[in-house]
Amino acid sequence: MTTVTKLFLPPRHYPGNTGIYVQQLIDEASWVWHPGCGRDERVFLRFRRTFTAAGEPLVVHVSADERYELFLDGQRMSRGPDRGDIEHWAYASYRIELAPGEHTLEALAWTLLDGAPVAQLSWRGGFILKADGAYHAALTTGIAPWEVARAGGWKRCDGIAPGVFGVGAALEWSGGAEPAGPAVAPVVVQGPVDNNWYGVGAAGWKLFPSILPERLDRLVHPGRAVAAGNGLPDARHPFGEADLRSPQLAEWQRVFSGAGELVIPAGQQRFVLIDLEDYYTGFPHLEVAGGQGGRITWSWAECLFHEPAGTERKPKGNRGAVAGKYWAGNTDQFPLDGATRTMTTPWWRAGRFLLLTVTTAAEPVTLRRLGVAEERYPLEMEGRFTADDPQLPAIQDICVRGMQMCAHETYMDCPFYEQLMYVGDTRLEMLVNHVMSGDDRLVRRCVELFDFSRVNKGMVNERYPSSVVQHSPTFSLIWTLMLHDFAYWRGVDDWLRARLPGLRAMLEQFQPYRTADGLLEKLPGWPFMDWVRAWPVGNPPGAVGGLSCVVNLLYVMALQKAAELEEMMGEPLLARRHRQNARLAAKAVVARFWQADRGLLADDVAGTEFSEHAQALALLTGTVTGAKAKRVLNGLLTAADLRRTTSYFSFYLFEALCQNGRADLIQARLEMWREMVRLDCKTPLEEPEPSRSDCHAWSSQPLFHLYASLAGIRPASPGFKTVRIAPQPGSWKQLHAVMPHPAGEVRVDLEWTGSGYAAVVGLPPGITGVLAWRGHEQPLAAGEQRLCLPAG
């Protein structure tokens, strides 16, 4: 029996020498491509090599540009490579236990060029594979006699829904799965790394080992057929009652559940609408036979619309409703050539609803095994949280599913509309990841990708990887918070130390924009803060071309967190400088924006606009203290005219409430998520209705606050070496939380007794901490302890 295990290899030498000296074993192989393909040609190639195994394990290292699928004896082993940039290109390593005898290794590699997702970077088409030991000469590209042939490919077509950006073009299949031309010997497009003692680096790919596990790759048959009929549905006409009662539904349901097949006669047009009854990211999977001259289209959508979809955002209503609603989705096309084959796409799509249309010509077509090959990072919920709130399980479900759907080779803002990783989104996703799972590999990968993005004069790019560069000074500052989060939740190690030069360089880029009193003014790029309706494209007052209170409070926070990081790294002088700049900016914020008559900080210098954002950040940073802080907190809780945080920035509002002992108010602010449950959402919305995206993991952040604010479990020192538990159960009489910890699990159980709470706290071996309750703290030891927490 063949078994395949992914290996995780550390870089062998200092990364600065990548491309100059041989660093990894894979550097001894050549990048190869089809000799008849140009550098900028959209093409699918099938590489093949047959070899003989003598019974010893095979270890291979593999990568490609843009993408590859690796097969052994016809079975797919992996998809890759992990998303990255040219200077930090990922390769994967596998150990394969082989039976003695002949085997065939194949790779399907391709370039989509302008049809690729925006997050897919590329230098040029190429495939590379290095085999270790006795298999080196038989399999290593550039040495072994591989064959390559053009395979059936794809061309661009119309079919991307209004407002969708970044997910790649709609594609039309343009050839079979078998090679479309004769096999030839591949040509070397870049040879092995040649040690250059003068320090001259080779152009192109700099290879680094993958740190990520394989994504899920499983065929599923969820949901049910909800509408069907003859003809092709028109996006200008809604689904009617006849579609919902079609007698064809039962036969479509059988084929989609994997229980049968469906024959569409010649000269027919049919459609089916499938509600997956959950949100999925994956590849279409449809086995077909016959039907030459016909065509199948496969579309994905998050939901249906009350009116024909356009770019203007409008409420969508109940997400599971179909009757009287309109379709708009991302559509790929499959012309039929009469052969028996499996239809799929080179990149995954996303949504809750599938719309399939089948048009037959002179020949019937048989459909078999209709399903979704689910693809995502293997992120699962390892923690547990319950309380006496009947809607809480449903809120947690959509938050967990949102995280899973937005976690792949990177995190991303949304799987349907963009598939891009933004700093602000990702910070919240990482914190949710920490309370969900002990696996921090995706966290590390994405932190370092943002570090690699600092080609914008040292600032972190707003999103990365991305073939379209986007700048945001506010999101660049948030990268500082991301590093600080990692230090506390997971620890300080050499990997984190390697990020500090980038942090220092990034913060220095803000110096030219500082005024004499230490504030930031006229920042470049998009100073996005939140999707407040009254803020043009999410920019707070004064942020574009002027002074913004909210932006400067974020700057103060970044400086404070940077100071703490430098102290952890043994750099007290740098820490002192950051603190001085933070104090200077905080003092200037109060001088410029404090409105004594209201006891609030204004968003603008004129003192005419106010927001929850400014008050929350002022409290979190200690910019206001004493009597001013009390007035700000009171205003935050009572002022009716404040601009309200939406689902994204509510994270920082919840942090301020928790820090000031009012985490109980988070329960009421969960109404935004209760509404999502009432709308039958399966994943959290990007913002309150009307929302563009129905799956936006920055809105999964209530998961973090259930554990870290209401149960009150937080690291008290770097690496979570000590724990501070400060529960704020509010109106709940019961609260039970189990949260993953690097050393095991942290447990908090609260039960109301009538005069207080009976508490059970459990800490992992070797971990100590404190429990804070009503202004008092008591020490916690490793293991289980029972405590009484009095009311009042």
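The values are calculated or read from the model by the stated rules, or taken from the named source; none is laboratory data. Since we're looking at a predicted model, the values are computed, not measured. Neighbour counts run over all protein chains shown; Cβ positions are idealised from the backbone, glycine included. Note: areas computed on protein heavy atoms with side chains; ligands, DNA, RNA excluded. Shrake-Rupley method; radii C 1.70, N 1.55, O 1.52, S 1.80 Å.
The table for this structure:
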quantity: Test: residue in the stretch 251-267 that is surrounded by fewer than 23 Cβ atoms within 10 Å (Cβ to Cβ) and aromatic (F, W, Y); calculated: no
quantity: Tally of residues being in a helix (DSSP H, G or I) and of a type in the set (D, E, K, R) across the stretch 464-497; calculated: 3
quantity: All positions within the stretch 44-65 that are surrounded by fewer than 20 Cβ atoms within 10 Å (Cβ to Cβ) and aliphatic (A, V, I, L, M); calculated: A53, A54, V59
quantity: From R79, R67, R49, residue being over 24 Å from L420 (Cα atoms), modelled with pLDDT of 95 or more and touching a strand residue (DSSP E or B) at 6+ places or on another chain (Cβ under 8 Å); calculated: R49
quantity: Single unsatisfied condition, S647 versus (1) open to solvent by less than 20 Å² (accessible area, probe 1.4 Å); (2) not in a loop (DSSP other than H, G, I, E, B); calculated: (2)
quantity: Candidate set from the stretch 150-179 (those that are over 30 Å from E418 (Cβ atoms) and crowded, with 17+ Cβ neighbours inside 10 Å); member that is farthest from the chain's Cα centre (by Cα); calculated: P179
quantity: All positions within the stretch 677-722 that are over 30 Å from K316 (Cβ atoms) and touching a His at 6+ places or on another chain (Cβ under 8 Å); calculated: F720
quantity: Every residue from the stretch 678-701 that is in contact with a helix residue (DSSP H, G or I) (Cβ under 6 Å, 6 or more places away or on another chain) and in a helix (DSSP H, G or I); calculated: A697, W698, S700
quantity: Tally of residues being within 23 Å of H237 (Cα to Cα) and open to solvent by 30 Å² or more (accessible area, probe 1.4 Å) across the stretch 318-362; calculated: 7
quantity: A668 outside any loop (DSSP other than H, G, I, E, B), farther than 20 Å from D413 by Cβ, among the aliphatic types (A, V, I, L, M) and at pLDDT below 95; calculated: yes
quantity: Extreme residue, surrounded by the fewest Cβ atoms within 10 Å (Cβ to Cβ), among residues of the stretch 180-229 that are within 30 Å of L356 (Cβ to Cβ) and of a type in the set (V, I, T); calculated: V220
quantity: Filtered residue count, the stretch 375-394, keeping only those that are of a type in the set (D, E, K, R) and free of Cβ contacts under 8 Å to residues at least 60 places away in the same chain; calculated: 1
quantity: Subset of the stretch 593-621 that is of a type in the set (A, V, I, L, M) and over 18 Å from Q560 (Cβ atoms) - its residue that is surrounded by the most Cβ atoms within 10 Å (Cβ to Cβ); calculated: L600
quantity: Residue match in the stretch 287-295 (condition: within 23 Å of the chain's Cα centre (by Cα) and not polar (S, T, N, Q)); calculated: no
quantity: Verdict on P238 being in a loop (DSSP other than H, G, I, E, B), more than 21 Å from A361 (Cβ to Cβ) and without any contact (Cβ under 8 Å) to a residue 60 or more places away in the chain; calculated: no
quantity: The stretch 370-418 - residue that is of a type in the set (K, R) and more than 26 Å from T342 (Cβ to Cβ) and, of those, surrounded by the most Cβ atoms within 10 Å (Cβ to Cβ); calculated: R401
quantity: Top-ranked residue in the stretch 5-38 [being assigned to a loop (DSSP other than H, G, I, E, B) and small (G, A, S); ranked as farthest from the chain's Cα centre (by Cα)]; calculated: G36
quantity: Members of the stretch 605-619 found to be more than 22 Å from S650 (Cβ to Cβ) and in contact with a helix residue (DSSP H, G or I) (Cβ under 7 Å, 6 or more places away or on another chain), listed by number; calculated: V605
quantity: Which listed residue is closer than 17 Å to Q190 by Cβ, out of contact with any Lys or Arg (no Cβ under 7 Å at 6 or more places or on another chain), at pLDDT below 95 and of a type outside the set (S, T, N, Q), from G55, G38, G19; calculated: G38
quantity: Total residues in the stretch 357-413, condition part of a strand (DSSP E or B), under 30 Å from T297 (Cα atoms), more than 24 Å from the chain's Cα centre (by Cα) and not polar (S, T, N, Q); calculated: 6
quantity: Pairs with Cβ under 6 Å, 6+ apart, first in the stretch 285-313 and farther than 19 Å from F416 by Cβ, second surrounded by 24 or more Cβ atoms within 10 Å (Cβ to Cβ) and modelled with pLDDT under 95; calculated: L286/L370
quantity: Tally, over the stretch 503-531, of residues that are assigned to a loop (DSSP other than H, G, I, E, B) and surrounded by fewer than 20 Cβ atoms within 10 Å (Cβ to Cβ); calculated: 10
quantity: Residues that are open to solvent by less than 50 Å² (accessible area, probe 1.4 Å) and over 22 Å from D82 (Cα atoms), drawn from the stretch 22-35; calculated: H34
quantity: Output for the stretch 97-112, where each listed residue is under 22 Å from L9 (Cα atoms) and either free of Cβ contacts under 8 Å to residues at least 12 places away in the same chain or surrounded by fewer than 19 Cβ atoms within 10 Å (Cβ to Cβ) (or both); calculated: E97
quantity: Residue count, the stretch 702-718 (criterion: open to solvent by less than 10 Å² (accessible area, probe 1.4 Å) and either in a helix (DSSP H, G or I) or at pLDDT below 95 (or both)); calculated: 9
quantity: Residues located in the stretch 428-444, provided they are open to solvent by 20 Å² or more (accessible area, probe 1.4 Å) and not small (G, A, S); calculated: D439, D440, R441, R444
quantity: Test: V188 is within 30 Å of H88 (Cα to Cα) and not in a loop (DSSP other than H, G, I, E, B); calculated: yes
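A quick yes/no check of all residues on (1) at pLDDT 95 or above; (2) among the hydroxyl-bearing types (S, T, Y); (3) within 30 Å of A109 (Cβ to Cβ):
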position: D332; (1), (2), (3): yes, no, yes
position: R341; (1), (2), (3): no, no, yes
position: W348; (1), (2), (3): yes, no, yes
position: G351; (1), (2), (3): yes, no, yes
position: L356; (1), (2), (3): yes, no, yes
position: M381; (1), (2), (3): yes, no, no
position: F385; (1), (2), (3): yes, no, no
